[in-house]
Each structure stands twice: as structure tokens, then as C-alpha cells.
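Engineer: If you scroll down you'll find the structure; I have some questions about it.
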Amino acid sequence: MSTHELDLLENALDSLIEALSKFEDGEEGEPKAYKFAVLHVAHFIELIFKHHIASKHPLLIYKDPFAKKLDQNKTIGLWECINFINNEDPETVSLELRKDLEWIKRLRNEIEHHKFTMDVPQVRSTIGRLFRSVMEFLDEHAGMNIEDHIPEYAKETFKILSDEYKFSIRTAIKAADEVEKENPIDYSSDPDADPARLECPECGHYTLVLNEESNTGYRCTFCENEESDELPGTCDICGVHTTQEELDYWPMDNGGVEARCYYCSGRHRMDKDD
Ligand SMILES: [Zn+2]
Ligand SMILES: [Zn+2]
């Protein structure tokens, strides 16, 4: 590797590590940090693609490698790299990756010109998608395994961003955090208050939260399940607050059902008789 190539790679990795750390700050509740994550990711992508081109021939990163006197101040940008890769093999850069690259370019521009309005969920999901497709590209077409270069403290964030499944769990947990924050419960003033958040029995994540659109009043932010034995319930006869698990449902003459607790359903008496 030439010195220039090494510089590009090292600088690219620095930007990436910086991006990971800003992304993590964003995740921990500092929304402005996502903005810097976008800038660092954009910088990383530009440098790593330049590095990829330079690895084919070190002169290729200059705007005019065929000039009589090489102008070392004029180097290529991200789009020239993408065009080069595309000219080599039109199948390499997917339409989707290209669209996401255009998105980050636009965003970077808006940030630099202070016209940026943050849509956190959109920024998060696009950073994640872009990150995965760039890693896939580097792995498949540049034979580069970036993970080996990530320091231990940033590895977890790297893994979450590289793995769609892990990323979606993190997203669901964040959404559940939000619902919990919006529905503070004060058990000292209302000991029977319904919980805002429960563990989902379907997917096992702590993501079953209050949801007005749900028939049960709860929906999992990960798997959309709406049921759990642990959901709060009220006995229609004595009004006691309990969980669904503790209630029996009795069909009524009018076609509806009546929820009855352990005592009102007669189970208590039956258990005693046994
Ligand atoms: Zn679930
Ligand atoms: Zn009862």
C-alpha cells in the first residue's frame, strides 16, 4: 500500500469510529449527536471509496492522472468513485445504495448550510441501511473486513448498525422507552395504575407498551403482538384490578363476555372443595 492509501484508510477509520460514538450519544438521548454521526458517516464513506479506488492504482484518486503535470490538489470525490465502480461493473452499486448515498449527500449539505431539520427515526434507519450496504460492498468488492479495525469499546455499536435484526430490536426498545416516558406512572397516588410497559411473551423483549389503537390497549413495538397474560384487567363484578391471567371470561346472554376474578368466578370455592 502506498502512503496515500494508508492515510485514506486511517482517516476513513477515524471518521467511522467517531461516527459510531456520535451515533451512540444520539441513542442515549442526545438527538443533536445524530447530526454529527451523519457528517462522520458521510466522511467515512467518501474516504473509504477513495481508498478503494486508490488501491486499484494510486494515481486514480487524482482528477487528471493523465495530465503532463499532475495537480495533487485536485482529487476525485465520492461520485467520481461511484461512477468508476459503475463503469467497471454496472451491477456493483445497487440502485438502493445509490439512493441512500444521495440522501446522505443532501443531508450533509443541509447540515453544513444549517437547513437541517432532524427526523430522528428517519435519520436512524437510513444511517443503519447505508451502513449495512457500504459494509456489504466493502466486504464483497474490496475484500475489506472493517470490523477487525474497530476498537473494542465501539464494537457493540458497530454490530448493532451492521445487523438489521439487532438494529430493529434496538429501534423497538427505543420506541418503548418513549412510550414509557410519555406515560409516567405514580403508584403512590394510584396503586392500581396500569403499567405502561411489559415484557412481550411473543418476542421476549421488554417492548409491550400502551397503544391506543390496540384492542387490548397494548402493542409490542417489536413484533406487534397485543396479548399477554400480564395485561391489566378488571373484574366486572367486584371491580378488583388484576391481570388477564387471573380473570375468567363468562359468556353473557346478550352475546358479550363478563370478566370475573378468582373469587367472583367461583374458582375460589371450587378450589376449597377439592
Ligand atoms: Zn413482541
Ligand atoms: Zn371479582
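Engineer: Using +1 at the C-beta of Lys and Arg and -1 at the C-beta of Asp and Glu, which of Cys235, Ala33, Met144 has the Cα lying farthest in the positive direction of the dipole of the chain?
Structural biologist: My answer, from the dipole projection, is Met144.
Engineer: Continuing with the same structure: Please find, in a Gaussian network model of the chain (springs between Cα atoms separated by less than 10 Å), the residue of Lys74, Lys105, Lys159 whose mean-square fluctuation is greatest.
Structural biologist: Looking only at Lys74, Lys105, Lys159, the largest GNM fluctuation is found for Lys74.
Engineer: Simple spin-label model, 7 Å along Cα-to-Cβ: Ser168 to Glu182 in nm?
Structural biologist: The answer from the label model is 2.2 nm.
Engineer: Let me ask you something else. Sort Leu20, Leu210, Leu70 by Cβ crowding within 10 Å, fewest neighbours at the top.
Structural biologist: Leu70, Leu210, Leu20
Engineer: Could you give the dipole magnitude of the chain about its Cα centre, charging the beta-carbon of Lys and Arg +1 and that of Asp and Glu -1, in debye to the nearest 20?
Structural biologist: In total the dipole reaches around 1860 debye.
Engineer: Relative contact order of the chain: what whole-number percent is it, with Cα pairs under 8 angstrom and at least 6 residues apart?
Structural biologist: Computed value for the chain: 10 percent relative contact order.
Engineer: How many times 2.2 N^0.38 Å is the alpha carbon radius of gyration of region 187-273?
Structural biologist: 1.22
Engineer: Okay, next question. Find the relative contact order for region 187-273 and round it to a whole percent, using C-alpha pairs within less than 8 Å whose residues are 6+ positions apart.
Structural biologist: Relative CO of region 187-273 lands at 16 percent.
Engineer: I've got another one for you. Kindly put Val240, Val209, Val134 in sequence by how many other C-beta atoms sit within 10 Å of each C-beta, fewest to most.
Structural biologist: Val240, Val134, Val209
Engineer: How large is the charge dipole for region 187-273, taken about the Cα centre, if only the Cβ atoms of Lys, Arg (+1) and Asp, Glu (-1) carry charge, to the nearest 20 debye?
Structural biologist: 240
Engineer: Lysines within cross-link reach of Lys155: Cα-Cα under 23 Å, excluding same-chain residues under 8 positions apart?
Structural biologist: Lys22, Lys32, Lys35, Lys166, Lys174
Engineer: Treat region 3-162 as a sphere of radius equal to its Kirkwood radius over Cα pairs and apply Stokes-Einstein at 4 °C in a medium of 1.567 mPa s; give the translational diffusion coefficient in µm²/s, rounded to a whole number.
Structural biologist: In µm²/s, the coefficient rounds to 79.
Engineer: Sticking with this structure for a sec: Under 17 Å Cα to Cα from Lys115, which aspartates and glutamates show up? Leave out anything in the same chain fewer than 8 places away.
Structural biologist: List returned: Glu102.
Engineer: Show which lysines lie in cross-link reach of Lys68 when reach means a straight Cα distance below 27 angstrom and same-chain residues fewer than eight apart are skipped.
Structural biologist: Lys50, Lys56
Engineer: Also: Let's see if you can work this out: charge +1 on each Lys and Arg Cβ, -1 on each Asp and Glu Cβ, no other charges. What is the dipole magnitude of region 123-164 about its Cα centre, in debye to the nearest 20?
Structural biologist: 260
Engineer: In Å, what Rg and Dmax follow from the Cα atoms of the chain?
Structural biologist: Here Rg and the maximum Cα pair distance are 27.4, 103 Å.
Engineer: Could you please rank Asp71, Asp148, placing first whichever residue has the fewest other Cβ atoms within 10 Å of its Cβ?
Structural biologist: Asp148, Asp71
Engineer: Additional query: Choose one answer from Ala19, Ala142, Ala67: the residue with the largest mean-square fluctuation in a GNM of the chain with alpha-carbon springs under 10 Å.
Structural biologist: The residue with the greatest mean-square fluctuation here is Ala67.
Engineer: Pick from Ser189, Ser55, Ser162 the residue whose mean-square fluctuation is largest in a GNM of the chain, springs joining Cα atoms under 10 Å.
Structural biologist: In the Gaussian network model the winner is Ser189.
All of the numbers you see were taken from the coordinates with simple rules; none came from a lab. As the structure is a computational prediction, the values presented were derived from the model and not from experiment. Counting neighbours? That spans all protein chains shown, and the Cβs are built from the backbone with ideal geometry, glycine included.
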